[in-house]
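These notes concern the structure reproduced below.
The values are calculated or read from the model by the stated rules, or taken from the named source; none is laboratory data. On a predicted model such as this, the values are computed, not experimentally measured, just so you know. Neighbour counts are summed over all protein chains in view; Cβ atoms, including those assigned to glycine, are modelled from backbone coordinates with ideal geometry. Note: areas computed on protein heavy atoms with side chains; ligands, DNA, RNA excluded. Shrake-Rupley method; radii C 1.70, N 1.55, O 1.52, S 1.80 Å.
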Amino acid sequence: MVTKSKSNRLSVFNLPSVSRMLFPNGIKLLLTVTEIFELEFAYYESKTLSKEELIKRGAYFESIDGIETFHSKICKETSKALFENCSKSTISYFMNGVYSTGYATHGLFPYRGKFHPQMIKALMNIMGIKEGETVLDPMCGSGTLNVEASLIGVNSIGIDKNPFACFMSKVKLESLSLSLELLDEALKNPKEIINEFLKTKQVKEKLLLAEDEESKIKRLFLLAFLDAMGYARRTTKSITLLFPQVLSRYIKQVRSFLIISRKLNLKLGKGKIEFGDARDLSMIRDASIDCVITSPPYSFAIDYAENDRPQLEYLGFDVDTLKNEMIGLNGKSRKEKLQKYFEDMNRVMSEISRVLKAGKYAVIIIGSNDIQTGGIRLENKIKEFGILHGLDLVREIRKPIKGIRNTMHEEFVLIFRKEV
Ligand SMILES: C[S@@+](CC[C@H](N)C(=O)[O-])C[C@H]1O[C@@H](n2cnc3c(N)ncnc32)[C@H](O)[C@@H]1O
């Protein structure tokens with residue numbers, strides 16, 4: 001009941017708080033929830049999950065009825081490991097980053113234009129994806145969807161045309177279930193492992209494909225090495241100097257996840273990463289996928305092949321050949337580039353619709369700006385293609401993209417449902 005004070009003004013203190021209006025008693029949001037879109041996703045999660053599910057797989061909650069959520073525990077463990085000897089102010093400065101993008105194995109190798117993992121978890125929750133179902137990202141980049149799916153027991157397929165992105169996704173995914181004991185053993189002799197990377201192309205090729213536990217650990221070391229290579233190009237420091245620092249951060253991050261995963265007894269979903277083309281998903285059967293979540297290159301905003309040139313060349317791939325196959329990188333004039341981009345995205349949307357089960361959801365996350373596209377709104381084109389291929393748009397959420405390096409400042413979360 002709103003009362004009036006003596007001065008005849010309404011007293012707002014009689015109104016319930018916004019969070020009390022949105023969430024039932026006992027639901028406590030994470031302190032890092034500061035954006036409107038996060039509140040919106042948290043609200044939808046609270047409407048779709050039971051209290052027990054909110055504890056086990058909710059993305060934006062600290063505790064439910066006083067019980068700390070798995071998400072909070074996992075993030076806390078990562079923060080603890082990464083900021084072991086740091087001051088409280090440093091920890092609180094970096095905390096937001098860990099809770100939204102840096103927990104579990106997401107923080108290994110910073111990939112430009114990657115998803116907000118926390119939001120991806122919330123999306124899977126909102127769309128009612130259950131343990132054992134299969135989700136797909138046909139342009140998986142650093143494998144954010146695959147890692148998130150695995151954390152909540154959902155199976156996944158990730159596809160990318162960039163072999164380095166595939167390698168990175170595979171490492172982030174398989175590092176969730178490494179043997180802690182073998183990892184500690186490998187740490188006794190990191191030099192021996194690094195020497196292997198310097199050997200012939202055949203040795204590297206074998207390492208990329210091997211499925212034994214030791215090779216998985218070696219691949220984690222190799223990702224740290226390739227990460228150090230990227231830093232070395234931007235600073236005056238050498239790889240030899242940077243590699244131990246990067247490796248130490250990787251190990252802390254992975255170890256902390258393996259420890260908390262054991263404590264929580266997490267049942268991880270299975271993930272598969274494949275090198276392939278989102279315009280032709282013929283390796284996937286019609287109507288076999290329970291949900292697609294993907295984020296295409298935002299027209300030609302980021303050159304994903306050039307960005308990863310040193311790593312791709314180190315692994316033995318030809319960057320210029322690769323560019324011909326990548327969406328957003330072809331055509332001479334702006335007009336030609338856009339035309340090719342839209343042709344490609346039309347094919348991608350058609351393939352997404354084909355592989356999706358009827359009545360299930362596809363989410364496309366796309367940034368927009370009309371400077372590079374001469375006034376054309378990318379999100380409107382995607383909506384057009386979706387509708388053309390039997391995908392009804394059921395919700396559109398606009399959110400900010402932060403960071404000064406970004407050429408785009410807003411992105412759209414477009415939720416489609418395949419016609420029944
Ligand atoms: C915006 S990024 C995806 C980032 C990803 N969501 C993540 O969280 O890391 C777009 C991705 O599309 C990939 N890509 C470009 N052309 C492709 C194609 N023809 N088939 C599959 N993937 C492609 C790029 O290599 C890049 O990794």
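Listed values, structure above:
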read-out	value
Approximate shape of region 169-238 as ellipsoid semi-axes (Cα gyration tensor, √5λ), whole Å, largest first	21, 15, 13
Label-point separation in nm, ALA287 to LEU22, each point 7 Å along Cα→Cβ	3.8
Compactness index (Cα Rg / 2.2 N^0.38 Å), region 28-176	1.02
Inter-label distance, nm, simple model (7 Å from Cα along the C-beta direction), GLU84/GLU205	4.0
Gap separating the Cα centres of region 240-277 and region 53-68, nearest whole Å	23
Volume per residue of the C-alpha convex hull in region 273-418, rounded to whole Å³	121
Distant-in-sequence amide H partners of GLU133 (H built 1.01 Å from N, under 5 Å)	ASN155
Overall Cα dimensions of the chain, principal axis frame, Å, largest first	82, 53, 42
Amide H within-cut-off set for SER63, under 5 Å, with H built and near neighbours excluded	LYS28, THR69
Area accessible to solvent at LEU187, 1.4 Å probe radius, in Å²	60
Alpha carbon centroid spacing (whole Å) that separates region 106-123 from region 314-345	24
For region 257-271, Karplus couplings with θ = phi - 60° (6.51, -1.76, 1.60), whole Hz, Gly/Pro x	5, 4, 5, 5, 4, 5, 4, 7, 6, 5, 9, 6, x, 8, x
Within region 38-82: backbone nitrogen closer than 19 Å to the GLU131 label point (7 Å, Cα to C-beta)	48-59, 68-74
Heavy-atom surface of the chain, accessible at 1.4 Å and reported per residue (Å²)	48
Solvent-accessible area of TYR304 with every protein chain in place, 1.4 Å probe, in Å² to the nearest 10	40
Modelled FRET efficiency - R0 22 Å, LEU180 with LYS270, Cβ distances, 0.05 increments	0.65
The chain: antiparallel DSSP beta bridges as a percent of all, rounded to 5	60
Heavy-atom accessible area order for THR235, THR134, THR32, largest first, 1.4 Å probe	THR235, THR134, THR32
Built amide H within the under 5 Å cut-off of ILE273, gap 5+	GLY158
For region 17-103, alpha-carbon Rg and Dmax in angstrom	13.3, 40
Mean Cβ neighbour count within 10 Å, used as a protection proxy, ranking 266-278, 149-161 highest first	149-161, 266-278
In Hz, Karplus ³J(HN,Hα) per residue of region 49-64 (6.51, -1.76, 1.60; θ = phi - 60°; x = Gly, Pro)	9, 6, 4, 5, 5, 4, 5, 7, 9, x, 9, 10, 10, 7, 8, 10
³J(HN,Hα), Karplus 6.51/-1.76/1.60, whole Hz, each residue of region 30-41, x for Gly, Pro	5, 4, 7, 6, 10, 9, 5, 5, 5, 5, 5, 5
Simple spin-label estimate for TYR231 and ARG334 in nanometres, 7 Å along Cα-Cβ	3.8
Added length on full extension, which subtracts the Cα-Cα distance from 0.36 nm per residue, ILE259 to ILE91	58.4 nm
Difference of contour (0.36 nm per residue) and Cα-Cα distance, ILE401 to ASN14	135.7 nm
Portion, in percent, of the accessible area of the chain that falls on carbon or sulfur, probe 1.4 Å	53
Links that overshoot a 24 Å alpha carbon limit, given the list LYS114/LYS272; LYS88/LYS399; LYS216/LYS237	LYS88/LYS399; LYS216/LYS237
